[in-house]
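The values are calculated or read from the model by the stated rules, or taken from the named source; none is laboratory data. This is a predicted model, so every value here is computed, not measured. Backbone-built Cβ (ideal geometry, glycine too); neighbour counts: all protein chains shown. Heavy atoms of the whole protein, side chains included, go into the accessibility calculation; ligands, DNA and RNA do not. Shrake-Rupley method; radii C 1.70, N 1.55, O 1.52, S 1.80 Å.
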Amino acid sequence: MSIALGLLIVRLVVGLLFVGHGAQKLFGWFGGYGPKGTGGWLESIGVKPGVAMAVVAGLMELVGGLLFAAGLLTPLAAVIIVLTMLVAIVKVHGPNGLWVTANGYEYNLVLVAIAIGIALIGAGDYSLDALIR
């Protein structure tokens with residue numbers, strides 16, 4: 001029971017944070033800038049077309065986060081999260097080095113490790129994957 005509960009806690013925290021980041025990009029919620037504002041920032045770092053890419057990024061975060069939190073299609077959710085974080089590392093944080101204190105990719109790497117780890121372990125007994133097995 002403690003393993004299943006631990007997996008649930010990790011999935012909920014990470015998944016719902018991804019949902020929040022997606023909502024920032026898609027709807028401007030939680031202090032976000034919505035597609036237009038996020039798109040302008042993306043264009044400023046060379047990601048074009050900015051608004052379309054903001055919507056794609058927001059959808060990946062929202063869908064990946066919902067699936068991960070629910071423990072539904074967990075390997076797919078992990079792939080979505082990992083791809084999103086790899087883009088963030090390559091386009092934003094990688095040039096700054098590892099440490100988050102210098103806007104580096106440390107946090108993104110932790111999220112990649114969590115997503116891969118949960119995908120390999122499984123979502124646990126408190127997940128929709130467990131219900132549909």
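Just wondering, is there one or more residues in region 55-74 that are of a type in the set (A, V, I, L, M, F, W, C), without any contact (Cβ under 8 Å) to a residue 40 or more places away in the chain and farther than 25 Å from Ala113 by Cβ?
Taking every residue of region 55-74 in turn, at least one turns out to be of a type in the set (A, V, I, L, M, F, W, C), without any contact (Cβ under 8 Å) to a residue 40 or more places away in the chain and farther than 25 Å from Ala113 by Cβ.
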Yes/no for Phe30 being at pLDDT 95 or above and touching a Phe, Trp or Tyr at 6+ places or on another chain (Cβ under 7 Å): no
Residues satisfying the stated conditions in region 103-133, i.e. in contact (Cβ under 8 Å) with a residue 40 or more places away in the chain, outside any loop (DSSP other than H, G, I, E, B) and open to solvent by less than 20 Å² (accessible area, probe 1.4 Å): Leu111, Ala115, Ile118
Leu98 of a type outside the set (S, T, N, Q), more than 14 Å from Leu7 (Cβ to Cβ), at pLDDT 95 or above and open to solvent by less than 30 Å² (accessible area, probe 1.4 Å): no
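Residues being part of a helix (DSSP H, G or I), open to solvent by 60 Å² or more (accessible area, probe 1.4 Å) and within 30 Å of Ala123 (Cα to Cα): count how many of those fall in region 20-48.
Going through region 20-48 one residue at a time, the tally reaches 2.
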Qualifying positions in region 49-78 - surrounded by 20 or more Cβ atoms within 10 Å (Cβ to Cβ), of a type in the set (Gly, Ala, Ser) and in a helix (DSSP H, G or I): Gly50, Ala54, Ala57, Gly58, Gly64, Gly65, Ala69, Ala77, Ala78
